[in-house]
Amino acid sequence: MQYKGVLRKMKTELNSEVQYFMIFENDFIHVNQLLDKKISITFIGYQCLNCGKDKKIFRQGFCYDCFYETPRAGDWIMKPELSKAHLDEEDRDLEYEKKAQLQPHIVYLANSSNVKVGVTRKSQVPTRWIDQGAHEAIEIVEVPNRYLAGITEVALKPHISDKTNWRTMLKNEIEDVNLEETRDKLKQYLPDEVQEYYLASNKETEIKFPVLEYPKKLKTLNLDKQPDYEGKLKGIKGQYLIFDDHTVFNVRSYEGYKVELQVLVD
């Protein structure tokens, strides 16, 4: 079986075990079905997710020009506290920013390598947690816009991490933490503007990933340096493919890369 297309972050479904799908223009792959099979990945070109041109990808699936022009890559995406749509102020495209920012957002705790705080649109729960490789997560507040979520995250950062150790996550060196207790301890640090949105009764969500074997060492596949790779797929966690030789491939980091993916016969 051979597939060809532009990489985008894998679509996911939360069942008893997370289901993963690679979506191409004219095809899709149910990635779980490739577990324990040998596959090859060949880099064949670029396609910017904004302009569609064969231009070197700069960041987030966009070429250099599009990264600095498209509203899909505004600073407020990585730093929600910079959101201004609630003030009717434009960053790059006010209509787009209002749609994205003026909707319910969740501030949450997720445990992937350690407990961290994060922000996502309500519509992205539990997708965001899956993408981070979290085995458990819980909401702290649900607020009506991205700005309020952003200032909440900023207020909590001095008291809890906002980063994931991806190496620890992929090795599955995890500890079980009572997220409800952690959430309750953090309540005192919430900004006054969001205290009314505190979610006191939510239970944590548990997530299981389709991994047959976790790597002990980690080697990252860099398609720019190694455009051809073969390996037996041993797991999928976060947005990473895990192979039998301890190679890991972050699909999301290579959005906008055109590849050929082939299932090989042993």
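The values are calculated or read from the model by the stated rules, or taken from the named source; none is laboratory data. Because the structure is a prediction, the values reported are computed rather than measured. Glycine also receives a Cβ, built like all others from the backbone with ideal geometry; neighbour counts cover every protein chain displayed.
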Out of the helices (runs of 4 or more DSSP H) lying entirely within segment 23-137, which hold 2 or more residues that are surrounded by fewer than 16 Cβ atoms within 10 Å (Cβ to Cβ) and within 21 Å of the chain's Cα centre (by Cα)? 75-78
So for segment 180-200 (the condition being touching a strand residue (DSSP E or B) at 6+ places or on another chain (Cβ under 6 Å), closer than 28 Å to Asn250 by Cα and not assigned by TED's automatic domain parsing to the domain that holds Thr220), does at least one residue qualify? no
Answer with yes or no whether Ile130 is within 24 Å of Ser83 (Cα to Cα) and in contact (Cβ under 8 Å) with a residue 24 or more places away in the chain. no
Would you check if there is a residue in segment 209-219 being closer than 18 Å to Asn250 by Cβ, part of a strand (DSSP E or B) and touching a Ser or Thr at 6+ places or on another chain (Cβ under 6 Å)? yes
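Looking at the structure I just gave you, is Glu142 over 19 Å from the mean Cα position of the chain (by Cα) and part of a strand (DSSP E or B)?
yes
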Only one residue in Gln33, Gln124 is in contact with a helix residue (DSSP H, G or I) (Cβ under 9 Å, 6 or more places away or on another chain) and either among the charged types (D, E, K, R) or within 30 Å of Glu260 (Cα to Cα) (or both), so which one is that? Gln124
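Pull up segment 215-257, narrow it to residues that are touching an Asp or Glu at 6+ places or on another chain (Cβ under 8 Å) and farther than 23 Å from Thr164 by Cβ, then point me to the one that is surrounded by the fewest Cβ atoms within 10 Å (Cβ to Cβ). Break it down into steps so the answer makes sense when it comes.
Of the residues in segment 215-257, the ones touching an Asp or Glu at 6+ places or on another chain (Cβ under 8 Å) are 219, 231-235, 238-239, 242, 244, 252.
If we keep only those that are farther than 23 Å from Thr164 by Cβ as well, we get 231-232, 244.
Details: Gly231: 19, Lys232: 17, Asp244: 15.
Per the criteria, the residue is Asp244.
Hey, can you tell me all the residues within segment 1-18 that are in contact (Cβ under 8 Å) with a residue 40 or more places away in the chain, in a strand (DSSP E or B) and farther than 22 Å from Asn222 by Cα?
From segment 1-18, those in contact (Cβ under 8 Å) with a residue 40 or more places away in the chain are 1-10, 12, 14, 16-18; that's our starting set.
Filter again for in a strand (DSSP E or B), leaving 2-6, 12.
Hit for segment 1-18 is Thr12, nothing else.
Going through Ile242, Ile151, Ile207, Ile236 one at a time, which residue ends up being modelled with pLDDT of 95 or more, in contact with a Lys or Arg (Cβ under 7 Å, 6 or more places away or on another chain) and β-branched (Val, Ile, Thr)? If you could, list the steps in order and put the result at the bottom.
On the way: Ile151 fails: in contact with a Lys or Arg (Cβ under 7 Å, 6 or more places away or on another chain); Ile207 fails: in contact with a Lys or Arg (Cβ under 7 Å, 6 or more places away or on another chain); Ile236 fails: in contact with a Lys or Arg (Cβ under 7 Å, 6 or more places away or on another chain).
Residue meeting the stated conditions: Ile242.
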List the residue pairs whose Cβ atoms are under 6 Å apart, where the first residue sits in segment 106-118 and is without any contact (Cβ under 8 Å) to a residue 24 or more places away in the chain, the second is among the charged types (D, E, K, R) and crowded, with 24+ Cβ neighbours inside 10 Å, and the two are 6 or more positions apart or on different chains. none
Residue hits (segment 236-257; on the phi > 0 side of the Ramachandran plot and touching a residue at least 40 places away in the same chain (Cβ under 8 Å)) are Gly238, Gly256
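So that you can scan it fast, the table gives a plain yes or no per residue for (1) within 23 Å of Ser123 (Cα to Cα); (2) among the aliphatic types (A, V, I, L, M); (3) modelled with pLDDT under 95; (4) touching a strand residue (DSSP E or B) at 6+ places or on another chain (Cβ under 6 Å):
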site: Lys37; (1), (2), (3), (4): no, no, no, yes
site: Ile41; (1), (2), (3), (4): no, yes, no, yes
site: Gln47; (1), (2), (3), (4): no, no, no, yes
site: Phe62; (1), (2), (3), (4): no, no, no, no
site: Cys66; (1), (2), (3), (4): no, no, no, no
site: Pro80; (1), (2), (3), (4): yes, no, no, yes
site: Asp88; (1), (2), (3), (4): yes, no, no, no
site: Tyr96; (1), (2), (3), (4): yes, no, no, no
Residues of segment 173-208 being of a type in the set (A, V, I, L, M), assigned to a loop (DSSP other than H, G, I, E, B) and surrounded by 14 or more Cβ atoms within 10 Å (Cβ to Cβ), which ones? Ile174, Val177, Leu190, Leu199, Ile207
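Out of all the residues in segment 170-179, is one or more more than 23 Å from Glu17 (Cβ to Cβ) and not assigned by TED's automatic domain parsing to the domain that holds Gln239?
Step one: of segment 170-179, the residues more than 23 Å from Glu17 (Cβ to Cβ) are 178.
Imposing the further condition that a residue be not assigned by TED's automatic domain parsing to the domain that holds Gln239 reduces the set to 178.
Yes: one or more hits.
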